Amino acid sequence: MKKALTLCIVFLSLTLYSQSVDELKKELASKKDSISKLQAKANSIQAKIDAMPGWKKGAFGTIGVSLSGFNNWYVRNAPDASAGNIGVSVTAFANLLEEKYFWRNTGMLTLGWVKLDDKAVVGDEDFETATDVFNVTSLYGRKLNEKWALSGMLEYRTTFIENFNNPGFLDLGVGFTWTPTSNLVVVLHPGNYNFVFASGQNSFTSSPGAKIVGDYNTKFGKLSLRSNLSMFQSYDSNNFSNWTFTNSLGYTLWKGIGLGFEFGLRRNRQEALANAQITNPAETFATVDNKLQSYWLFGLNYGF
């Protein structure tokens, strides 16, 4: 009798526990559904705020640091050495969006330093520049309708630490801007002039041409993405054409802080020739190997 009573109590306890767990699961599912609906409403309100006229400002950046040291590590060729790799990337924007016109401004700075200090060698203690990119863009447009506008744009690109404005590339042009969605802006400027500034270099030449720019910004939950493609097609010679493609990704973990990854690609035959002529002055546009340029950075990300 006692065993039967004990079994009944255990069975009843398990049944009540199972019912309690099921009820809690149902309540949790209901709460999650309510949170999803509230988040959808919040996103809708934020979209309306973003679409309202006025200034929209923001910035985000990534910093990557890697440091290491070796002391009496005899398996290495340099048993006593220290190494460091530091990278910083910052992108900021200020956009004025009005009913009949817009003014979009973006600035990007990416810097990187690297050091390998062999304690047995004197004079290699300093950090050397590894990545150096500086870019500023300003686009003004008068709207023809919701998606098309007459526009003018200025874009300037150079290095910041080493050889500032040597070379420097300045694009000034007019044409049309297409905005199919709030996240995508496409610039089509057939009337553009590419000014190239360089001292003591005969490989750089300014020329007229067409400018095409595509800029895409979006967010998927905690993941943010920005891609920018800037192309110049010279009317004088394909040797004077160039393009740059940059991408930034950030994943927020806590209060705007997260992980960030950035990479960039570029082709510029004038830059390739100038670099080749440092060691071989006989190089020409016809012989130079215009290799794909690239850089990447991974580290902590912060956006505001």
Exercise for the section: Pairs only if they're at least six apart or on different chains, beta carbon under 7 angstrom, first in region 98-121 and surrounded by fewer than 16 Cβ atoms within 10 Å (Cβ to Cβ), second modelled with pLDDT of 85 or more and of a type in the set (A, V, I, L, M); list them, first residue then second. Expected result: W103/L96
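Looking at region 63-122, which of the residues that are aromatic (F, W, Y) and farther than 30 Å from K143 by Cβ is modelled with the lowest pLDDT?
As a first pass, look at region 63-122 and keep what is aromatic (F, W, Y): 70, 73-74, 93, 101-103, 113.
Filter once more, keeping what is farther than 30 Å from K143 by Cβ: 70, 73-74, 113.
Numbers: F70: 68, W73: 63, Y74: 52, W113: 86.
Applying the filter and picking the extreme gives Y74.
Can you find a residue that is assigned by TED's automatic domain parsing to the domain that holds L139, of a type in the set (S, T, N, Q) and in a loop (DSSP other than H, G, I, E, B) anywhere in region 181-195?
Looking only at region 181-195, we keep the residues that are assigned by TED's automatic domain parsing to the domain that holds L139, and these are 181-195.
Then keep just the ones that are of a type in the set (S, T, N, Q); that gives 181-183, 192, 194.
If we keep only those that are in a loop (DSSP other than H, G, I, E, B) as well, we get 182-183.
Looking for residues that are assigned by TED's automatic domain parsing to the domain that holds L139, of a type in the set (S, T, N, Q) and in a loop (DSSP other than H, G, I, E, B), one finds at least one in region 181-195, hence yes.
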Fill in the blank from the handout: Considering region 149-165, residues that are surrounded by 15 or more Cβ atoms within 10 Å (Cβ to Cβ) and either over 12 Å from N135 (Cα atoms) or among the β-branched types (V, I, T) (or both), and then whichever is modelled with the lowest pLDDT, we arrive at T159
Exercise for the section: Name, by its number, the condition in (1) surrounded by 19 or more Cβ atoms within 10 Å (Cβ to Cβ); (2) under 24 Å from the mean Cα position of the chain (by Cα) that does not hold for N183. Expected result: (1)
Handout entry: region 189-201 residues that are without any contact (Cβ under 8 Å) to a residue 24 or more places away in the chain, paired with ones that are outside any strand (DSSP E or B) and surrounded by fewer than 19 Cβ atoms within 10 Å (Cβ to Cβ) (beta carbon under 8 Å, 6 or more apart)
Key = Y193/S206
Practice task
Please work out if Y193 is among the hydroxyl-bearing types (S, T, Y) and closer than 23 Å to N247 by Cα.
Solution key: no
Completion exercise
If we keep only residues of region 233-252 that are outside any strand (DSSP E or B) and of a type in the set (S, T, Y), then the residue farthest from Y193 (Cα to Cα) is S237
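Report whether or not T137 is assigned to a strand (DSSP E or B), closer than 30 Å to G69 by Cα and touching a residue at least 60 places away in the same chain (Cβ under 8 Å).
On the way: assigned to a strand (DSSP E or B): yes; closer than 30 Å to G69 by Cα: no; touching a residue at least 60 places away in the same chain (Cβ under 8 Å): yes.
The answer is no for T137.
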Handout entry: Condition met for A198 (crowded, with 17+ Cβ neighbours inside 10 Å and at pLDDT below 90)
Key = yes
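The values are calculated or read from the model by the stated rules, or taken from the named source; none is laboratory data. These figures come from a predicted structure and were not determined experimentally. Here the Cβ is made from the backbone with ideal geometry for all residues, glycine too, and neighbour counts use every protein chain on show.
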